[in-house]
Amino acid sequence: MSIEGSSGIQARVLVLGSGPDGRLSGIVDVLGRAGYSVEMRDHSDATGRLPIESLEYDIVMLDPRSLATTPVPAADLADVEIGRLRVDARRRMVYVDESAVRLSAREFTLLHHLAAHPGVVFSREALLRAVWGSAWRTEGSVTEYVRRLRILLAPSGIGECIVTRKGFGYSFDPDAVR
């Protein structure tokens, strides 16, 4: 839905949240009083991904409560196999060229989450919620675990499979493991 504010600039606004009484309802009210017309949709995604339709909007607002607050249990994870990398979710093991790579539980979960969504860019906050289960840790925790993963994967030649998207977050590059 196109909107025009007092400045006369056309913009499309999408508000994704957990309902009309969500955290962003006050902002929506302010935009409405300023002459903006805002489209609201329910949203709940444990991965922190936005729906593809959000690309059609100029402004997208997300209620952080619509993100998962607990990580996905290991039993619900699917195995991931991309090129030389295999992530065995049930055994909680990572293999590169059939050689095991020893990872801590958190390193494993972070790698699994990124590899299960190749090419998708996740913010540090989205990774905190998906991997740690909350945002009580700092974004520096994500940075440190990414650094550790790169060091642990470097001897097998795939240390650069986790890509920093400056200003956005991190993604998994499937071409780096082929």
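The values are calculated or read from the model by the stated rules, or taken from the named source; none is laboratory data. All values derive from a computational prediction rather than experimental measurement. Cβ coordinates were reconstructed from backbone atoms using ideal geometry, including for glycine residues, and neighbour counts include every protein chain displayed. The protein model used for the area step is the full one, side chains on, heavy atoms only, and it has no ligands, DNA or RNA in it. Shrake-Rupley method; radii C 1.70, N 1.55, O 1.52, S 1.80 Å.
A few notes on this one:
- The residue of segment 9-20 that is surrounded by the fewest Cβ atoms within 10 Å (Cβ to Cβ), among those that are modelled with pLDDT of 60 or more and not hydrophobic (A, V, I, L, M, F, W, C), is Gln10.
- Strands (runs of 3 or more DSSP E) (entirely within segment 97-178) containing at least 3 residues that are β-branched (Val, Ile, Thr) and either at pLDDT 95 or above or surrounded by fewer than 16 Cβ atoms within 10 Å (Cβ to Cβ) (or both): 162-165
- Candidates Glu81, Glu56: the one that is open to solvent by 70 Å² or more (accessible area, probe 1.4 Å) and modelled with pLDDT of 90 or more is Glu81.
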